[in-house]
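The values are calculated or read from the model by the stated rules, or taken from the named source; none is laboratory data. Fair warning: this is a prediction, and the values are worked out from it, not measured in the lab. All Cβ positions, even for glycine, are placed from backbone atoms using ideal geometry, and neighbour counts span all protein chains on display. Side chains are part of the model used for accessible areas, which takes the heavy atoms of the whole protein and leaves out ligands, DNA and RNA. Shrake-Rupley method; radii C 1.70, N 1.55, O 1.52, S 1.80 Å.
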Amino acid sequence: MQKQILGRWPLRYTIKSVYVDNITMWPDTTNKYNPVDTLVFRTDGKVITRRAGVAIDSTTYSIDAQGSHITFGTNAPKKLSFVRYKSLGIATETIVKNGSSTTKTVIEDQYFR
């Protein structure tokens, strides 16, 4: 899996979906980006975050054995929504229980080469 994500991945979209008790509550919110934020995955296990072409962060990354989650540095794992030749989806999921109701918020960053 690591070989598939090597290289530069400009962020194109961030999609936010909110579900209450597994029912979509709001239409998905889509933010479209110019290729400003970019992840650069290297063979040595490091990822560089670039903004407007300038490196702003560098950390390590690892992918679990199933290829379903990616971890940046010591942060919590994020879900690999999809890994394709020219596109990559990385999502975070937050679940909040409020009484008998459960709210799930999914934020997916979509990168395209």
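Within the stretch 68-77, track down each residue that is closer than 16 Å to GLY45 by Cβ and surrounded by 13 or more Cβ atoms within 10 Å (Cβ to Cβ). HIS69, ILE70, THR71, PHE72, PRO77, listed by residue number.
Looking at LYS16, is it open to solvent by 30 Å² or more (accessible area, probe 1.4 Å), assigned to a strand (DSSP E or B) and modelled with pLDDT of 95 or more?
Numbers: open to solvent by 30 Å² or more (accessible area, probe 1.4 Å): yes; assigned to a strand (DSSP E or B): yes; modelled with pLDDT of 95 or more: no.
Here the answer is no, as LYS16 does not meet what is asked.
Return the residue satisfying two criteria in turn: it lies in the stretch 19-47 and is within 15 Å of the chain's Cα centre (by Cα) and not β-branched (Val, Ile, Thr), and of such residues it is modelled with the lowest pLDDT. Reasoning before the result, please.
Restricting attention to the stretch 19-47, the residues satisfying the condition of being within 15 Å of the chain's Cα centre (by Cα) are 30-33, 37-41, 47.
Still in the list and also not β-branched (Val, Ile, Thr): 31-33, 37, 39, 41.
Values: ASN31: 79, LYS32: 78, TYR33: 74, ASP37: 89, LEU39: 94, PHE41: 95.
Checking each candidate, the answer is TYR33.
Of all residue pairs spaced 6 or more apart or on separate chains, those with beta-carbon atoms under 6 Å, a first member in the stretch 16-28 that is at positive phi and a second member that is surrounded by 10 or more Cβ atoms within 10 Å (Cβ to Cβ) are ASP21/THR102. On the stretch given as the stretch 71-89, residues that are closer than 20 Å to ASP57 by Cα and either in contact (Cβ under 8 Å) with a residue 40 or more places away in the chain or part of a loop (DSSP other than H, G, I, E, B) (or both) total 6.
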